[in-house]
Amino acid sequence: MNAPDRYEKFVVPEGLQKISHEKDTKVPHAATFTIQREDHTIGNIVRMQLHRDNRVNFAGYKVPHPLEYRMLIKVQTNGECEPKVAMQDALQDLQNEFGEIAASFAAETSRFKQMSGEPAHIDYQ
């Protein structure tokens, strides 16, 4: 078959950065971020987190082609910060939220196992 190997969809090749950005020359306070080996799941989550930031005027993403394993996120800020700072803040906030979800899940799983008499050790990291 002509289909690419499945691992190509997930593994970032050597010499290619996971995230890169390029400032927009036509729109003020804007940049385009290229994220390798990600799809709509991450794109939509990052876009929504950027929309929560009052400094962000616009945030959108697209996957140029289904067989190209990259995603483009366009960010424009109001000038209070650079788009790179807004993206870093959004990713840090998401990391904190996911950490809270993982801790809450582990605590509830442990509580459930204690009630049912099963061993309570779970390590998801």
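The values are calculated or read from the model by the stated rules, or taken from the named source; none is laboratory data. Since the model is a prediction, treat every value here as computed from it, not as a measurement. A quick note on method: Cβ atoms are made from the backbone with ideal geometry, for glycine too, and the neighbour counts reach across all protein chains shown. Heavy atoms of the whole protein, side chains included, go into the accessibility calculation; ligands, DNA and RNA do not. Shrake-Rupley method; radii C 1.70, N 1.55, O 1.52, S 1.80 Å.
Things to note:
- Cα shape, segment 2-64, gyration tensor, a/c 1.5 rule: prolate
- Split the accessible area of segment 31-87 by element, probe 1.4 Å, and carbon with sulfur accounts for 50%.
- In order along segment 86-101, the Karplus-derived 3J(HN,Hα) couplings, from 6.51 cos²θ - 1.76 cosθ + 1.60 at θ = phi - 60°, round to 4, 5, 4, 5, 5, 5, 5, 4, 5, 4, 5, 4, 5, x, 5, 5 Hz, and Gly and Pro are given as x.
- From the coordinates of this entry, P(r) over Cα pairs in 5 Å bins from 0, in percent is computed, and it appears in [x] 2, 11, 18, 18, 18, 15, 10, 5, 2, 0; [y] 2, 11, 21, 21, 14, 11, 8, 5, 3, 2, 1, 0, 0; [z] 2, 10, 16, 16, 14, 12, 10, 8, 6, 4, 1, 0, 0 under the label [z].
- Solvent-accessible area per residue, Å², over the chain with all protein chains present [probe radius 1.4 Å]: 73
- Separation of the GLN92 and GLU68 label points, Cα + 7 Å toward Cβ, nm: 3.1
- Largest to smallest accessible area among SER20, SER104 [probe 1.4 Å]: SER104, SER20
- Note on PHE105 and ASN2: with the Förster distance fixed at 41 Å, the Cβ-Cβ geometry gives a FRET efficiency of about 0.50.
- Hits among aspartates and glutamates - C-alpha to C-alpha of LYS23 under 13 Å, sequence gap 8 or more where chains match: GLU82
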